[in-house]
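Presented below is the structure to which this report refers.
The values are calculated or read from the model by the stated rules, or taken from the named source; none is laboratory data. Model, not experiment: these values are computed from the prediction. Here the Cβ positions follow ideal geometry from the backbone for every residue, glycine too, while neighbour counts run over all protein chains shown.
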Amino acid sequence: MKAKLIEIVDENPTVKTLIFEIDQKISYEPGQFIMFVFPQGEKTIRRAYSISSWKKQPTNQVSITLNHVPDGEFSTILFNSKINEEFEINGPHGKFKLNNSDKPAIFIAAGTGITPLMSMIESLEHKEREMTLIYSVKTENDIIFKEKINRLSKNRLRFIPTLTQENIEGWKNGRIDQELISESISHPVEVYICGMPEFVKSVKEHLISFKMDEKDIHTEQW
């Protein structure tokens, strides 16, 4: 499939959302990803990016959200891409999906780990399911999807930010730990976690210590 870049949103100084128009309609589930295909001579390199928004299905638009990695060749190509540039993609792919459940949904992310979770959150915006986002970033300026979160938190979403390198009155400080989890979560719930491997491992261990059933813990890492 061909994907043409039609809009760029600067989420913060180092993170952008890229919105693509695809040459055919697709159906995806919140949490899934698409694969970008980069021809490199005789080789083909593939890179996966989570779909970071929710559209009525089927759709011919998808969004990805990525940060600038200076030594990442292909992320740099995407980060610096211009309107109307075209890319080869395929998908959707992935088993990290939002379950159809009546249990409250708890979303836990660090940094760009929020990207697949935002697709899940938006898909629940007009449903009755309770949802909470626990989001760890260094500073307030590092929050991705700030406008969406502000809008959603006025209505359906309970938002619990925690800052690791800044103090703001009324906000949580430090990393997500056992204390924060016990304050924020009550059984029964389903939890969706996304971030770097060490972050996902740590949060999952805290949840298991909190006597959560592992079948209700869903993870994605990169």
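Quick check: is even one residue across region 190-204 more than 22 Å from MET118 (Cα to Cα) and assigned to a helix (DSSP H, G or I)?
No; the residues of region 190-204 include none that is more than 22 Å from MET118 (Cα to Cα) and assigned to a helix (DSSP H, G or I).
Taking into account only those residues within region 201-220 that are of a type outside the set (A, V, I, L, M, F, W, C) and surrounded by 15 or more Cβ atoms within 10 Å (Cβ to Cβ), which is modelled with the lowest pLDDT?
HIS206
Results for (1) out of contact with any helix residue (DSSP H, G or I) (no Cβ under 8 Å at 6 or more places or on another chain); (2) modelled with pLDDT under 95, shown as yes or no for each residue.
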| residue | (1), (2) |
| --- | --- |
| LEU98 | no, no |
| ASP102 | yes, yes |
| LEU117 | yes, no |
| ILE121 | no, no |
| HIS126 | yes, yes |
| TYR135 | no, no |
| ASP142 | no, no |
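In this structure, does LYS16 turn out to be in contact (Cβ under 8 Å) with a residue 40 or more places away in the chain, in a strand (DSSP E or B) and not assigned by TED's automatic domain parsing to the domain that holds PHE145?
In short, yes.
List pairs: first residue in region 33-49 and touching a residue at least 40 places away in the same chain (Cβ under 8 Å), second residue acidic (Asp, Glu) anywhere in the structure, Cβ distance under 6 angstrom, at least six positions apart or on different chains.
Partner pairs satisfying both residue conditions: VAL37/GLU88.
Before we move on, is THR132 hydroxyl-bearing (Ser, Thr, Tyr), within 28 Å of ALA48 (Cβ to Cβ), loosely packed, with under 14 Cβ neighbours inside 10 Å and without any contact (Cβ under 8 Å) to a residue 60 or more places away in the chain?
no
So in region 63-97, with the set limited to residues that are touching a Phe, Trp or Tyr at 6+ places or on another chain (Cβ under 7 Å) and part of a loop (DSSP other than H, G, I, E, B), which one is farthest from ILE26 (Cα to Cα)?
HIS68
What single numbered condition from (1) more than 17 Å from the chain's Cα centre (by Cα); (2) β-branched (Val, Ile, Thr); (3) assigned by TED's automatic domain parsing to the domain that holds ASN173; (4) surrounded by 14 or more Cβ atoms within 10 Å (Cβ to Cβ) fails to hold for THR139?
(4)
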